[in-house]
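Report on the following structure.
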Amino acid sequence: MSALLDARGLVKHLGGRRVVDRVDLVCETRQIVGLLGPNGAGKTTTLRMLYGFLRPDDGRILVDGVELGRDLVRAKRSIGVCTQDDTFDGDFTVEQNLTVAAGYFRPRPSGLAGRVAELLERFDLAGYARQKPETLSGGYRRRLMIARALVHRPRLLFLDEPTTGLDPQARMGVWDLVDGLRAEGLGVILTTHYMDEAERLSDALTVLAHGRVVARGSAKGVLGDLVGEHVVVVAATNRDAIAVWLGAHGRGEPASVLGALHVPVSGEELAEFARAFPSLRYEVRVPTLDDLFLKLSLSP
Amino acid sequence: MSWLVAAVEWQSRAVVSRHLRVYLRNWHTAFLPPALEPVTMLVAFGVGLGGYVASLTWQGRPIEYMTYIAPGLLAYATFMTAVFQSLFAAFIRMRYQRTWEGQLTTQVELRHVVWGEVLWAGLLATMYVVIVAAVLAGFDLTGLLHMRVGRLPLLLPLVFVAGCGFAALGLCFTALMPTIDHMNLPVFLLVLPMGLLSSTYFPLEHPVLVALNAVNPLYHLAQCFRGILIGGPVLGHLGAVVGLSVLLLATLVPLNLRLLRRRVLGD
């Protein structure tokens, strides 16, 4: 069976700069693919190409077997998009937002009234159906955005930073909904800055830096490849000695966070570190995706 | 030519349908301006200024000033409605409400959004002119105006075509102006001068204006309406309105698409 999304060799130049450079991305049914990277890595541009907002300068995108560049309208029938910013229609109520959005798809979604009622119920929006979206809290606005992206029963859903700015409870509510969508067979492409979100929701990660894919796979695999097996946390007062040690191992400056240095190391390097600094007080922890972002943002 | 085909594709109609739905929901407030504006204008210009002017010469015969400005009022309503819809309302939808961005995440593409705005402005101008025409017909019944009111429906197709052309012009500024405050530039440098110096409210015979008005669709629209409603040459002005409107659409819609592709899509 072919993948829901199969993007190969995507290239995009904006403002004379190559912002996406030969990116490949695949998403299967019942899979959430996390697209990660620091600011300016090319995530949003990649996502915008994938859902047909921007045309790639090179490369090919197949959505449910349909080539986006050849039949954009047909390909977009299978796609649902929840943009990072709220783009619901402020002239309409919550319920009307769903019916108006359905009007932008052909073939029209069947049983629309039932579909709208089902989404209002499922996303806990039924009590707000006749309210204007701007009266909703941030969490419920996100729910409306996702519900709207699903009104035409797409097979592939794009979620661009769906929980940015939400409180922890609202974030977890969105996670539950996204998890439920995967269980129903949707493919989901998710961009996020929240590492716990990416780790908990994603079946596979694709990490971008400077417009290129620098790692892909499971969260653990990506961290092992890009960061290391362990992270040594040591007071920043030891910076000079640590920098010399890192330099001897062909490594650059360590990341510094709140007065502590975070030094990713392999198992062998950890043993060497312990031998090199026998009297130093330090903590060893497992790496997280935060370490990955720190590393990527420090690399040239 | 995909930009041209988009004018008749279902997505453009879906965009128009969305705007119409909003308009009809607010019909009671939307109805007021086109109903009140001609009354105000006729009272201010017709009764007020007309008291001093009384009558003027049109096509070699004297006509009352009120009767002269009535067709101008219809042309002015066409122009102002279409231009303001595509300047301010479209800008608000694009920039502040982000309605366009929401539409673009569906099967609607930018060319449909642009045509949807153009066609909607043309349709709105037509609806406004229907209301203005009804008010003018009421004035005619009372004897304050002397027009061939039975010919008013003939104007509507022309209003729609000209309204679409004016909307394409307005969208150009929507694509170019960085903020809504900058809209003062096209409004005061182009829209108001064009609205008032196109023989809408008074005949202008200065040689410079005559030369400029030869390529001014609003001037030809006003003269064409006068020809139809109070008698006078029609065909030349009709051809000019249609030709200039088509020219505006054929040049400015592709230009708007190019400008808006950069602005809205960042491409």
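Over what distance in Å are the Cα centres of region A:238-278 and region A:167-207 separated?
33
Mind checking which of B:Ala14, B:Ala82, B:Ala162 has the largest fluctuation in a GNM of chain B, springs on alpha carbons under 10 Å?
B:Ala14
In degrees from 0 to 90, rounded to the nearest 10, what is the angle of the helix B:10-25 Cα long axis to the longest principal axis of chain B?
The two axes meet at around 60 degrees.
Measure nothing but the geometry: give the 0 to 90° angle between the long axis through the Cα atoms of A:168-183 and the longest principal axis through the Cα atoms of chain A, rounded to 10°.
That helix lies at roughly 70 degrees to the long axis.
Beyond 29 Å, what percent of the Cα pairs of the protein assembly as shown remain? If you can, show how the numbers build up before the last one.
Working: 100229 of 160461 pairs.
Percent of Cα pairs beyond 29 Å in the protein assembly as shown: 62.
With no solvent and one point on each alpha carbon, what is the Debye value of log10 I(q)/I(0) for chain B at q = 0.07, 0.12 Å⁻¹?
Scattering profile of chain B, log10 relative to I(0): -0.25, -0.71.
Along Cα→Cβ, 7 Å out, is where each label goes; now give me the distance between the ones at A:Arg239 and B:Phe202 in nm to one decimal.
7.6
Restricting the count to DSSP beta bridges whose residues both fall in the protein assembly as shown, what percent are antiparallel, rounded to a multiple of 5? Don't jump to the answer; show the numbers that get you there.
Numbers: 37 of 55 bridges.
Counting only bridges with both partners in the protein assembly as shown, antiparallel ones make up about 65 percent.
For region A:3-18 and region A:32-67, what is the separation of their C-alpha centers, rounded to whole Å?
Going from one Cα centre to the other spans 6 Å.
Which cross-chain or sequence-distant (5 or more) residues have an amide H under 5 Å from the amide H of A:Gln131, H modelled 1.01 Å from N in plane?
Long-range HN contacts for A:Gln131: A:Val94, A:Glu95.
Please order B:Leu155, B:Leu189 by the number of other Cβ within 10 Å, starting at the fewest.
Result, fewest neighbours first: B:Leu189, B:Leu155.
Residue by residue through region B:189-205, which ³J(HN,Hα) values in whole Hz follow from phi under the Karplus form 6.51 cos²θ - 1.76 cosθ + 1.60 (θ = phi - 60°), with glycine and proline marked x?
Listing the rounded values in order: 8, 10, 5, 5, x, 5, x, 9, 9, 10, 6, 7, 9, 7, x, 10, 10 Hz.
Neighbouring Cβ atoms within 10 Å as the yardstick, rank B:Tyr201, B:Tyr96 fewest first.
With the fewest neighbours first, B:Tyr201, B:Tyr96 line up as B:Tyr96, B:Tyr201.
Could you please rank A:Leu201, B:Leu49, placing first whichever residue has the fewest other Cβ atoms within 10 Å of its Cβ? Present the calculation step by step, with values, prior to reporting the outcome.
On the way: A:Leu201 22, B:Leu49 14.
Final ranking by Cβ density, sparse to dense: B:Leu49, A:Leu201.
On the first, second and third principal axes, largest extent first, how far apart are the outermost C-alpha atoms of chain A in Å?
70, 42, 37
Please pull out the direction-averaged projected area of region A:227-298, using the convex hull of its alpha-carbon atoms, in nm² to one decimal place. Each step should come with its number before you reach the end.
Values: hull surface 17.4 nm².
Taking a quarter of the hull surface, the average projection is 4.3 nm².
For region B:122-127, take each phi angle, set θ = phi - 60°, evaluate the Karplus expression 6.51 cos²θ - 1.76 cosθ + 1.60, and give the result in whole Hz per residue in order, putting x for glycine and proline.
Once θ is set to phi - 60°, the couplings for region B:122-127 become x, 5, 5, 4, 5, 5 Hz.
How about A:Lys220: which aspartates and glutamates have a C-alpha closer than 18 Å to its C-alpha, ignoring those fewer than 8 places off in the same chain?
In chain and number order, the partners are A:Asp196, A:Glu197, A:Glu199, A:Asp203, A:Glu229, A:Asp290, A:Asp291.
Give me a comma-separated list of calculated 3J(HN,Hα) values for region A:134-147, in order, Karplus coefficients 6.51, -1.76, 1.60 applied at θ = phi - 60°, integers in Hz, x for any Gly or Pro.
Those phi angles translate into 5, 7, 7, 6, x, x, 6, 5, 4, 4, 5, 4, 5, 4 Hz.
For n ≥ 4 DSSP H runs only, could you compute -39500 (n - 2.57) per run for chain A, divide by its residues and tell me the 222 nm figure to the nearest 500?
Rounded to the nearest 500, the figure is -10500 deg cm²/dmol.
Using only Cα atoms and rounding to the nearest 10 degrees, what angle (0 to 90) does helix B:217-226 make with the longest principal axis of chain B?
Taking Cα atoms only, the helix is inclined about 40 degrees.
Could you pull out every residue, at least 5 positions away or on a different chain, whose amide H is within less than 5 Å of the one on B:Ser55? Hs are placed 1.01 Å off N in the peptide plane, and Pro or chain starts have none.
B:Tyr65
Laboratory data are not the source of any read-out in this text; all were calculated from the coordinates shown. As the structure is a computational prediction, the values presented were derived from the model and not from experiment. All Cβ positions, even for glycine, are placed from backbone atoms using ideal geometry, and neighbour counts span all protein chains on display.
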